[in-house]
Amino acid sequence: MALDKSEVEKIAQLARLHISAEEAEEVAGRITDILALIDQMQAVDTSQVEALAHPLDVVQRLRADEVTEQDRRDALQELAPASEDGLYLVPRVIE
Amino acid sequence: MIEQTAAELSAALSRGEVSSVELTQAYLDRIGKYNEALNAFITVCEESALAQARQADDRRARGDASPLLGVPLAHKDIFCTEGVLTTCGSKILNNFISPYDATVVERFNGSGAVMLGKTNMDEFAMGSSNETSFFGPVRNPWDRERVPGGSSGGSAAAVAADLCAMATGTDTGGSIRQPAAFCGITGFKPSYGRVSRWGMIAFASSLDQAGPLCKSAEDAALMSNVMAGLDPKDSTSIDLPVPDYTASLGDSLEGLKIGLPRQHFAEGLSAGVEQGIRDALAEFEKLGATIKEIDLPNNHLSVSAYYVVAPAEASANLSRFDGVRYGYRCEDPVDLEDMYKRTRSEGFGEEVKRRILVGTYALSAGYYDAYYRKAQKIRRLIKQDFVEAFSEVDVVIGPTSPHTAFTLGAKSDPVTMYLEDIYTIAVNLAGLPGISIPAGLVGGLPIGMHIVGSDFAEAKVLNVAHQFQQQTDWHRRKPALNGEEA
């Protein structure tokens with residue numbers, strides 16, 4: 001399947017990536033090549049095959065619903081590009 | 001003595017022939033001498049390494065005989081290390097000082113191994129040549145014009161050039177085994193679930209697995225003894241007993257059944273590598289093993305399926321990098337949307353963005369069944385191929401890579417680069433253990449032999465590799481580093 005520039009812009013928006021108009025053409029070409037590689041799978045009839053989501057055939061392990069982690073808010077928040085009074089700062093969302 | 005294996009260094013430490021401080025200093029000196037040329041390390045932790053070495057010497061003086069106590073190692077920069085820069089080879093994390101240790105790091109710290117630093121890698125482990133790193137490509141110690149392989153290229157180059165005794169890596173589609181092959185060292189990917197992924201920055205969560213890059217199968221066993229085991233912090237780590245992997249290294253290979261996949265000895269394999277692997281196989285026959293051809297009929301679909309599953313999982317995993325809580329943030333965002341988009345576009349490199357886009361596309365409305373579901377069905381077929389193979393043979397052996405290390409810049413087209421992993425990717429899709437060990441030299445460059453076992457047959461894979469290394473000395477061959485001093 002070939003991808004055009006407008007489709008690249010659409011998926012870039014979904015992925016929250018900025019792709020400039022100049023880049024979009026090249027990106028579309030590269031991704032079209034990758035999709036051609038991927039599309040080799042389409043030649044195989046898998047209608048009777050069950051999907052394998054995960055290599056391990058096990059059920060998800062559960063644990064008791066108890067607090068085991070320490071509160072490390074300050075240490076973790078020190079890593080933020082901008083924070084204040086225990087809050088993460090981002091550009092204004094609501095005027 | 002820095003060229004010795006971890007097992008040999010361990011013995012020398014226990015006999016008191018050398019101290020961990022002396023050994024650590026020797027590696028630090030060598031890193032100082034060669035790292036500029038090889039670019040294997042992103043971060044070198046001189047002070048903390050020497051402090052850990054002093055502690056290790058103290059522990060030994062008090063009678064502690066832990067095998068890796070005082071042995072210097074390097075961690076791939078994908079593992080979180082508390083208080084130490086952890087970049088994952090990316091600009092988006094180039095200011096990230098991790099607030100915690102990965103379980104793998106914690107376990108090695110507990111074992112008394114000394115961390116020399118963090119090794120270079122393809123950005124977010126997406127690459128087969130180490131050329132996608134934000135910190136520049138790693139050079140292959142055997143020939144600086146060639147790549148070391150990827151994505152654990154820094155770890156592989158560091159081990160090959162004796163900048164460390166051993167190193168950790170991660171393998172999502174071949175990222176431990178292929179660089180091990182290109183650099184002439186031993187690289188082992190355990191079964192999926194064997195080693196905790198906690199604190200290992202996620203690329204594709206159903207495929208990623210950590211493992212050792214080192215100088216012998218015996219060292220891989222020693223490192224696996226430290227790394228393997230249940231971790232409550234990783235819900236996909238498996239609750240199975242962990243054997244002592246060194247205990248069965250000496251087992252005889254008399255009667256071992258080896259399968260050679262026809263599909264791994266077909267078109268695309270270079271003549272030199274094929275001859276090297278066939279010569280190596282003769283060693284196994286001398287040891288009493290029998291060899292038969294087998295089929296992995298769906299192997300040719302593995303790269304296609306992988307380039308749906310891995311990018312799809314990556315696109316979800318990498319959504320966390322948004323410039324809010326840690327890492328890079330773009331300058332002067334006009335609004336939140338602008339901040340997300342520019343942070344990610346400026347912070348991620350080309351290959352990472354390409355894979356996020358492919359993954360987003362494969363998961364987007366209307367394409368899920370055609371791509372993601374289809375790839376999961378192909379994954380089942382690939383797994384079944386191995387299940388059938390292992391009903392006939394004990395291990396599957398072939399080349400790790402179709403050729404020796406290629407030159408920098410030689411594979412600029414993504415699809416050509418993706419096909420590099422044609423022999424290794426199926427093993428990740430099936431979740432199996434696989435090792436690459438040195439099996440010869442072609443044109444002065446190492447070739448790797450790939451040994452794959454059934455689910456959780458780590459001990460068997462290591463045993464087979466170790467027995468080969470008892471008969472051969474390919475794993476002892478070293479690159480000449482003359483004229484590369486910084």
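Overview of values
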| item | result |
| --- | --- |
| Single residue of B:Ile447, B:Ile425 found to be under 15 Å from the mean Cα position of the chain (by Cα) and either open to solvent by less than 30 Å² (accessible area, probe 1.4 Å) or within 17 Å of B:Trp142 (Cβ to Cβ) (or both) | B:Ile425 |
| Residue selected from the range B:323-352 under the condition facing chain A (nearest Cβ under 7 Å) and of a type in the set (D, E, K, R), by the criterion least open to solvent (accessible area, probe 1.4 Å) | B:Arg344 |
| Flag if B:Ile382 is at pLDDT 95 or above, over 22 Å from the mean Cα position of the chain (by Cα) and assigned to a helix (DSSP H, G or I) | no |
| Scope the range A:79-95; condition more than 8 Å from chain B (Cβ to nearest Cβ) and assigned to a loop (DSSP other than H, G, I, E, B); matching residues | A:Asp85, A:Gly86, A:Leu89, A:Ile94, A:Glu95 |
| Residue in the range A:58-78 that is surrounded by the fewest Cβ atoms within 10 Å (Cβ to Cβ), counting only those that are of a type outside the set (A, V, I, L, M) and at the interface with chain B (Cβ under 9 Å from one of its Cβ atoms) | A:Gln60 |
| Counted residues, the range A:28-51 - those being under 17 Å from B:Glu350 (Cβ atoms) and open to solvent by 30 Å² or more (accessible area, probe 1.4 Å) | 4 |
| Meets criteria (assigned by TED's automatic domain parsing to the domain that holds B:Ser10 and modelled with pLDDT under 95) for B:Pro137 | no |
| Residue satisfying all of: in the range B:208-252; part of a loop (DSSP other than H, G, I, E, B) and buried (at least 24 other Cβ atoms within 10 Å of the Cβ); farthest from the chain's Cα centre (by Cα) among these | B:Tyr245 |
| Matching entry among B:Glu145, B:Glu131, B:Glu123, B:Glu82 (being under 20 Å from B:Leu213 (Cα atoms) and open to solvent by 40 Å² or more (accessible area, probe 1.4 Å)) | B:Glu131 |
| Condition met for B:Arg373 (part of a helix (DSSP H, G or I), surrounded by fewer than 21 Cβ atoms within 10 Å (Cβ to Cβ) and without any contact (Cβ under 8 Å) to a residue 40 or more places away in the chain) | yes |
| Residues that are crowded, with 24+ Cβ neighbours inside 10 Å and either small (Gly, Ala, Ser) or free of Cβ contacts under 8 Å to residues at least 24 places away in the same chain (or both), drawn from the range B:59-76 | B:Gly70, B:Ala74 |
| Residue among B:Leu441, B:Leu432 that alone is outside any helix (DSSP H, G or I), in contact with a strand residue (DSSP E or B) (Cβ under 8 Å, 6 or more places away or on another chain), within 14 Å of another protein chain (Cβ to nearest Cβ) and at pLDDT 95 or above | B:Leu432 |
| Residue within the range B:353-365 that is under 22 Å from A:Lys10 (Cβ atoms), at the interface with chain A (Cβ under 9 Å from one of its Cβ atoms), outside any helix (DSSP H, G or I) and not polar (S, T, N, Q) present | no |
| Test: residue in the range B:450-473 that is open to solvent by 50 Å² or more (accessible area, probe 1.4 Å), modelled with pLDDT of 95 or more, closer than 18 Å to B:Ala282 by Cα and part of a helix (DSSP H, G or I) | yes |
| Hey, B:Ala266 more than 10 Å from chain A (Cβ to nearest Cβ), open to solvent by 10 Å² or more (accessible area, probe 1.4 Å) and free of Cβ contacts under 8 Å to residues at least 24 places away in the same chain or not | yes |
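The values are calculated or read from the model by the stated rules, or taken from the named source; none is laboratory data. Nothing here was measured: the structure is a model prediction, and the numbers come from that model. Every residue, glycine among them, receives a Cβ derived from its backbone with ideal geometry; neighbour counts consider all protein chains shown. We work out accessible area using only protein heavy atoms, side chains counted, and drop any ligands, DNA or RNA first. Shrake-Rupley method; radii C 1.70, N 1.55, O 1.52, S 1.80 Å.
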